[in-house]
Amino acid sequence: MKRQHAPWLVTAAILVLALVGTGAQATHTPADKVVAAGSKVVVAAPNAEVTLLSATMRTSKPTDLILAVSMECSIITDVQTGPSTLAGAADSATAEGTVRAWVEIDGVVVPINSISGQSQGPPPPGNDSDKVTFCNRVHTQEAEDGEDDEDGLDKMRTYLETKNANAFNWLRLNMGSGIHTIEVVGELTTNTSGSALGAEALVGNRSLIAEPAKLANDATI
């Protein structure tokens with residue numbers, strides 16, 4: 001699945017909390033400082049991967065990173081069954097929408113579970129199981145002509161739209177020294193079958209906070 005980079009990312013608010021001394025602001029990217037990114041732009045990219053947020057930070061070795069991601073997401077489903085004049089007619093419709101998201105650092109998926117060894121090397125990269133479902137809906141509707149005179153189906157339609165805010169935290173062990181690119185990547189998928197009229201998966205307000213930490217050398221998540 002090809003990644004889409006939205007052009008508005010260059011305007012996403014990226015806040016680097018980097019203070020040195022009293023009231024003095026650094027002119028470079030200091031190591032081990034909290035980084036935050038946020039956006040209000042609505043994203044609708046069905047059946048594609050899209051970069052939702054991006055930030056850059058510098059870390060020293062050894063440093064672990066707490067990654068907190070929160071977002072609004074909305075699923076819209078529109079299904080209809082019928083009409084039909086056929087005796088004993090039956091109809092069904094299904095519409096589904098899903099929003100999944102994960103964090104990548106320097107292009108590598110951050111795992112949910114990892115172990116910090118004495119060498120303090122980077123953990124194995126994550127995989128598809130480390131991607132988190134923030135929103136999902138499967139909407140199915142079935143209709144059948146069960147009347148004695150079997151005069152066919154009347155039309156029935158339902159439209160559902162919801163919005164909710166969810167959050168998930170990742171912990172990336174043993175970052176190593178250097179400048180790193182952090183991306184929140186989303187996968188917005190929709191499916192319809194039968195006489196469904198449509199489905200949408202949307203992402204709204206969202207934020208990323210990356211906070212350096214120092215866990216035990218043998219930390220296990």
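Only the coordinates and a few stated rules stand behind these numbers; no lab work does. On a predicted model such as this, the values are computed, not experimentally measured, just so you know. In this analysis, Cβ positions are derived from the backbone assuming ideal geometry, glycine residues included, and neighbour counts consider all displayed protein chains.
With the alpha-carbon atoms as the only input, what is the per residue convex hull volume for the stretch 39-198 in Å³?
Given the Cα convex hull of the stretch 39-198, per-residue volume reads 113 Å³.
Too long at a 22 Å Cα-Cα cut-off: which of 33/214; 40/214; 61/131?
40/214; 61/131
Could you work out the equivalent-ellipsoid semi-axes for the stretch 130-221, taking the square root of 5 times each eigenvalue of the Cα gyration tensor, largest first, in whole Å?
48, 14, 11
Could you please report the charge total around residue 182, scoring K, R as +1 and D, E as -1 over all other residues with beta-carbon less than 10 angstrom from its beta-carbon?
Result for the neighbourhood of residue 182: -2.
When Lys and Arg each count +1 and Asp and Glu each count -1, what net charge do the other residues less than 11 Å away from residue 173, Cβ to Cβ, add up to?
0
Please report the net charge: other residues with Cβ closer than 9 Å to the Cβ of residue 74, K and R +1, D and E -1.
Net charge around residue 74: -2.
Using r as the Cβ-Cβ distance of residue 157 and residue 56, and R0 as 45 Å, what FRET efficiency do you calculate, to the nearest 0.05?
0.40
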